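For reference, the structure discussed in these notes is given below.
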Amino acid sequence: MPPARGLTCNGGRRARRRAANGRQPNLPPPSPPPRALPAHFRLCARSTSGAEPESARARGAGAERGERREGERAVTGMGEFKVHRVRFFNYVPSGIRCVAYNNQSNRLAVSRTDGTVEVYNLSANYFQEKFFPGHESRATEALCWAEGQRLFSAGLNGEIMEYDLQALNIKYAVDAFGGPIWSMAASPSGSQLLVGCEDGSVKLFQITPDKIQFERNFDRQKSRILSLSWHPSGTHIAAGSIDYISVFDVKSGSAVHKMIVDRQHMGVSKRKCIVWGVAFLSDGTVISVDSAGKVQFWDSATGTLVKSHLIANADVQSIAVAEQEDSFVVGTAEGTVFHFQLVPVTSNSSEKQWVRTKPFQHHTHDVRTVAHSPTALISGGTDTHLVIRPLMEKVEVKNYDAALRKITFPHRRLISCSKKRQLLLFQFAHHLELWRLGSTVATGKNGDTLPLSKNADHLLHLKTKGPENIICSCISPCGSWIAYSTVSRFFLYRLNYEHDNISLKRVSKMPPFLRCALQILFSEDSTKLFVASNQGALHIVQLSGGSFKHLHVFQPQSGTVEAMCLLAVSSDGNWLAASGTSAGVHVYNVKQLKLHCTVPAYNFPVTAMAIAPNTNNLVIAHSDQQVFEYSIPDKQYTDWSRTVQKQGFHHLWLQRDTPITHISFHPKRPMHILLHDAYMFCIIDKSLPLPNDKTLLYNPFPPTNESDVVRRRTAHAFKISKIYKPLLFMDLLDEGTLVAVERPLDDIIAQLPPPIKKKKFGT
Amino acid sequence: MAALEEEFTLSSVVLSAGPEGLLGVEQSDKTDQFLVTDSGRTVILYKVSDQKPLGSWSVKQGQIITCPAVCNFQTREYIVVHDNKVLRIWNNEDVNLDKVFKATLSAEVYRILSVQGTEPLVLFKEGAVRGLEALLADPQQKIETVISDEEVIKWTKFFIVFRHPVLIFITEKHGNYFAYVQMFNSRILTKYTLLLGQDENSVTESFTASVDRKFISLMSLSSDGCIYETLIPIRPTDPEKNQSLVRSLLLKAVVSGNTRNGVALTALDQDHVAVLGSPQAASKECLSVWNIKFQTLQTSKELPQGTSGQLWYYGENLFMLHGKSLTVIPYKCEVSSLAGALGKLKHGQDPGTHVMPRFVNWETPQGCGLGFQNSEQSRRILRRRKIEVSLQPEVPPSKQLLSTIMEDSEKHIEVEVRKFLALKQTPDFHTVIGDTVTGLLERCKAEPSFYPRNCLMQLIQTHVLSYSLCPDLMEIALIKKDVQLLQLCLQQFPDIPEAVTCACLKIFLSIGDDSLQETDVSMESVFDYSNSVHDEKMEEQTEILQNGFNPEEDKCSNCDQELNKKPQDETKESTSCPVIPKRAALLNAILHSAYSETFLLPHLKDIPAQHITLFLKYLYFLYLKCSENATMTLPGIHPPTLNQIMDWICLLLDANFTVVVMMPEAKRLLINLYKLVKSQISVYSELNKIEVSFRELQKLNQEKNNRGLYSIEVLELF
């Protein structure tokens, strides 16, 4: 190596270091003996040569100071972006009404006030793997698992529904003919279903393999049945009503006992005392929670009150008992969740009593529902958060699973964007909003907010027809097509832009097979539309001018009806990848219209996927935070993916608790993968070494006072930004522009009804 | 916990045990080796860990061993007596007992006694005692008769107490028992009559003894199945007089009263005894270990083949004749700790690691029990070559301290305590401090004039004491009205019961100002309230602001009338401290102490009403002082907090309201308190009213910070 080059470079570097006034202890002082410099340079050049692209190094080595900076950025930095920081997506998740935990499959079903039902896989990092869109007239009041893994719900429209967890639709709805249904409970054996109705009737249904069959009515009560619970032996049930609890004999259907609940609340007699929840224990104890803030223990054999705990000033709205019956959990309208445990009166004594052990305040509003998994307390309510609080004494390994989880946002994409026209399409339950992003001419340095030359515009508010919620929506990259789907209808609109005016025209006469789409995707050139229907079929539609033509349908593998939830298309339009909830990812050749290959199945569901331009590598993110890169042309995992799997991800990367919901690529930087979850945005630079567990994964401070050497040495493939959160969507609009859609929690809370007021001063 | 381990049989060879069993099992000079003498002609040396005999010696046919073989630890030789009078001394190399040293004595030997660290003693059947050396110098010397006719020696034991050999033997004559204690050095023989108490019919079956400081604790297992304890003083007060000793019941019904076989008792250590016998009349024989301190059965083992009713205990092994063979049961008494008992401490510590004892060992006594010390000093000295050996191992300072406490003057004790505290953390520091305090307090109780105050103060300040460790301490301090010590206790002890706290409070309130002035209480928590400059300022403020409390506020119309009569007086009352600073310091100590409301309330009712009023006045004064500044704290280093003050006001009123409300002098105070509460309520209600406005302000503030709904920012990723 010629010494002159080394000296020039180091001289420049030294000057810059002095200017920056930063000094690293492991570097020579500002005026070192000249002899040390070439050696230092060699060391530095060697250490980076592995990762540094050849061109950048050649340019940087001999260049002047300014050019050197440019080259360097190409090496270590990811460049600057202008970020459109969007907070006008006025999305408010609806409140949680019911949760039901299935021990067999370790899944949790959650129903919301708008009728949406979601299924979370607790084994797969709490991923929301399935969802059933809501319906305006279907307010779910009860949700339960029966007969193993069949999911039922009942609501105020008086119907009992069963969900098809494979095809992701509603199998059937049966009217119970008792008015609005307030409560439902599956028998311990799982073969019978009990519903409590507005008219005071308790109805027993027999679950048959493909439907449910009404069997008989129990003795009619005088007011609505708000809560139901089976005795574990299946011989008796407890039913909570207004002002009293009834115990029924299942065989005869007659009420054995009627236990009157005290209306007194803090010394004041209330008008009514609503029994919000009951739980029947195997020793015959009935636990009730009511609107007077009491948790009461009753002896069902004698019908007497055994013990009463006053735990809240407001209603206690929900109760759930552990399977071992050694602990239960109740939720109050004040947002508090109380844990009760059966503990020995004294140590070593066999006599046990229920003791209120732990209060948790993770909610601001009513806790409408609780569930008790073997290792965690699960609660949800009006404040829309689903909270999973592990019981530390039940958790065997103190790993990241033992941490509290608070799930607020859906694990699917609600936003799509048109890169060409800089449009954002927001999906709400019953309408779509189209926004045009603003612009600026200014430039700035990291962290600056630039003055806007044009603000964002709200272009369109598209309301759906009918009571059904929107399942999915998409805007084409060119911005001239919008498609969305509800359970029963598929809508496609053509947009025309004339200066500032937009005209919208619905494409009529949709073919009958395009009825219910789970996912919609446009090709990069907006000429093709891909639709994943709930029957597992994938439709390809050709769009031209204002019309469309059905090109092809990929039928699902024979024998499977699994719905495809995620789609990805390559930028050249040749490849289409589709993923279901559990089976592997299928890759189709669009040109030849045949299945190209199937990516080897993985244990955890896919949360996001995308196909890289040029290379046609399929990048797949799974709910366990693993990211794979699969070469579609080669039908195998890429070398980079194998290296990543061999070395493993950084432990902090694996400990993130929200799934990656979107993946995109930089058109000019093929080595970069852009992805994000709710709390971070990351660019993976495949050319840089992977971080090991000792390196710092995320450094929130720009490395201003670090020299090149340190920066190069610590540089690794994951460039993370946590500025934007909660981040619902992030995509690259063009080479230097990003769009980030945030939804601050405070804004959501501001739109919720006010919580129960608690006194702040005095007691 | 004490535990018996798996038993093992020492030899498959059936010993020629007679109907009386073995003659004896005695220790040899090596820890693991024991001399077993059967009732016939044989002495066998066993190595217990190997479970095999190392040597066996027999006397000639026709001769019979009459006294178990023992080891002379000083010379490592063995001594045995056959045919009552013939003494044989040999060592390991000798093969034939006929050819070893022989001395024929002039009187019949009852037993030869040998313990580590001193020469063996020979006890003759007539009660005389001789040292072996002296005896061998003239074997045919005349042996005197000590005990009367028909008096038979039943049992004997040899101790070393404070480096002096002490021999005790029990004789029996017509159902009466006598104990003889022979101080070997001083040659004093003391005779005691053992009184059996009410139950005259019982026959004492077995004896064992241990040394406890000044006493020999003689335990006897009676035929009624109970264990009795008799304390025999080592240093007799009057050796000439025949003294009687009364036994006390230690453990009841340990074994069944009417056993066919003999029963045996052996003290294992200070707190544990091993008992051999059948627990019930019909059941099989059992070996059981009892804790006499807690009166609990620690462990037991059934011995179905029957025993000879003999039990020996050496080192960690219990020896007995089980069936026809000699059985060894290793016995372990591990350190028991509360944590261990509750199951939090893992048992079975790694033997390689040495663990510092963190817990007080309940089982092994710390300061006494010399009789059990089995110091294995291997000394290679032959019998004839006597070497002057220092028999005085260095006494640890802790023991020295304890002995000092027992008899020395206050001054001296203080010096010793200071010396010991200067040494600081020895591993048994906690234990010694505890023992010292207990010792001091015992002496305090015994001698009313003895009150080593400075000593106690020093010990309290070591921070290792707590109330439960020495409950007597505060009791004595309360009797002596030593407020300084009480204050110190209140500050240092974490676990004072509410009753005692209350008793302290009573004394603090009732003690006269004059006597208080003389004391030297810590004034740390008291700020000089009589600061005049501050006083002025405060007087202004009371009118305006006391956290919303304004005494002039005209809301309580009928009571105000009375108040307005003496407005001057009232301000005075609220501004000057109602108690002298020293009393204030003491009361502050009470305020700082921990308590539980439920337990404190009943005791508070016992305090006289005028004292209650005084205390309330003081608390009210403190409250006013508190409300003077914005932070609601009192000046000073460690002042009572507002919460403590308020809690105590509530407690006092709860406990004594009916009394206080009747007292005319408390009326104004109560009115003030009432108004205070009323004003607080109104302040809070006002706060609640404007809370909404606060929230709106907060919202406005948030909005200001909000970045708006849309912006374009620059992001650089590194």
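The values are calculated or read from the model by the stated rules, or taken from the named source; none is laboratory data. What you see is a predicted model, and the numbers here were worked out from it, not measured in a lab. Here the Cβ is made from the backbone with ideal geometry for all residues, glycine too, and neighbour counts use every protein chain on show.
Miscellaneous remarks
- Top-ranked residue of segment A:419-456 - restricted to ones that are aliphatic (A, V, I, L, M) and over 14 Å from A:Val739 (Cα atoms), ranked as nearest to the other protein chains (Cβ to nearest Cβ): A:Leu450
- In segment A:488-525, residue modelled with the lowest pLDDT [restricted to those that are closer than 15 Å to A:Ser476 by Cα and aliphatic (A, V, I, L, M)]: A:Val507
- Number of the condition not met by A:Asp525 [criteria: (1) touching a Pro at 6+ places or on another chain (Cβ under 8 Å); (2) surrounded by 18 or more Cβ atoms within 10 Å (Cβ to Cβ)]: (2)
- A:Thr332 vs. criteria polar (S, T, N, Q), more than 20 Å from A:Glu393 (Cα to Cα) and touching a Cys at 6+ places or on another chain (Cβ under 8 Å): no
- Qualifying positions in segment B:103-156 - part of a loop (DSSP other than H, G, I, E, B) and among the small types (Gly, Ala, Ser): B:Ser106, B:Ala107, B:Ser114, B:Gly117, B:Gly127, B:Ala128, B:Ser148
- Residues satisfying the stated conditions in segment B:659-701, i.e. touching a helix residue (DSSP H, G or I) at 6+ places or on another chain (Cβ under 7 Å) and either not assigned by the TED database to the domain that holds B:Thr613 or not in a helix (DSSP H, G or I) (or both): B:Met663
- Every pair of residues 6+ apart whose Cβ atoms lie under 8 Å, when the first sits in segment A:418-440 and is outside any loop (DSSP other than H, G, I, E, B) while the second is acidic (Asp, Glu): A:Leu425/A:Glu433; A:Phe426/A:Glu433; A:Trp435/A:Asp457; A:Arg436/A:Asp457
- Any chance B:Phe162 is among the hydrophobic types (A, V, I, L, M, F, W, C), modelled with pLDDT under 85 and farther than 22 Å from B:Ile44 by Cβ: yes
- Members of segment A:457-470 that are of a type outside the set (A, V, I, L, M) and away from chain B (no Cβ under 14 Å): A:His461, A:Lys463, A:Thr464, A:Lys465, A:Gly466, A:Pro467, A:Glu468, A:Asn469
- Residue pairs meeting the criteria (Cβ under 7 Å; at least 6 apart or on separate chains; first modelled with pLDDT of 85 or more, in segment A:739-761; second basic (Lys, Arg)): A:Ala740/A:Arg85; A:Glu742/A:Arg85; A:Glu742/A:Arg87; A:Glu742/A:Lys725; A:Pro744/A:Arg87
- Within segment B:572-621, the set of residues being over 15 Å from B:Asp654 (Cα atoms), among the aliphatic types (A, V, I, L, M) and free of Cβ contacts under 8 Å to residues at least 60 places away in the same chain comprises B:Val579, B:Ala584, B:Leu591.
- Residue in segment A:390-399 that is away from chain B (no Cβ under 14 Å) and either within 24 Å of A:Pro744 (Cα to Cα) or among the acidic types (Asp, Glu) (or both) present: yes
- Unmet requirement for B:Phe450, which otherwise passes all of (1) surrounded by fewer than 19 Cβ atoms within 10 Å (Cβ to Cβ); (2) assigned to a helix (DSSP H, G or I): (2)
- So B:Leu601, is it at pLDDT 90 or above and assigned by the TED database to the domain that holds B:Thr658: no
- When A:Asn455, A:Asn496 are screened for being surrounded by fewer than 20 Cβ atoms within 10 Å (Cβ to Cβ) and more than 29 Å from A:Ser533 (Cα to Cα), only A:Asn455 passes.
- Total residues in segment B:463-480, condition surrounded by fewer than 15 Cβ atoms within 10 Å (Cβ to Cβ) and in a loop (DSSP other than H, G, I, E, B): 1
- Failed item, numbered, when A:Asp685 is tested on (1) surrounded by 16 or more Cβ atoms within 10 Å (Cβ to Cβ); (2) more than 10 Å from chain B (Cβ to nearest Cβ); (3) at pLDDT 90 or above: (2)
- Taken over segment A:599-656, the criterion of being surrounded by 15 or more Cβ atoms within 10 Å (Cβ to Cβ) and on the phi > 0 side of the Ramachandran plot is satisfied by A:Asn616, A:Gln625.
- The residues listed here are B:Ser679, B:Ser685, B:Ser627, B:Ser711; of these, the one that is among the small types (Gly, Ala, Ser), over 45 Å from the mean Cα position of the chain (by Cα) and away from chain A (no Cβ under 14 Å) is B:Ser627.
- When residues of segment B:268-287 are limited to those that are part of a strand (DSSP E or B) and closer than 13 Å to B:Phe319 by Cα, the one nearest to the chain's Cα centre (by Cα): B:Ala274
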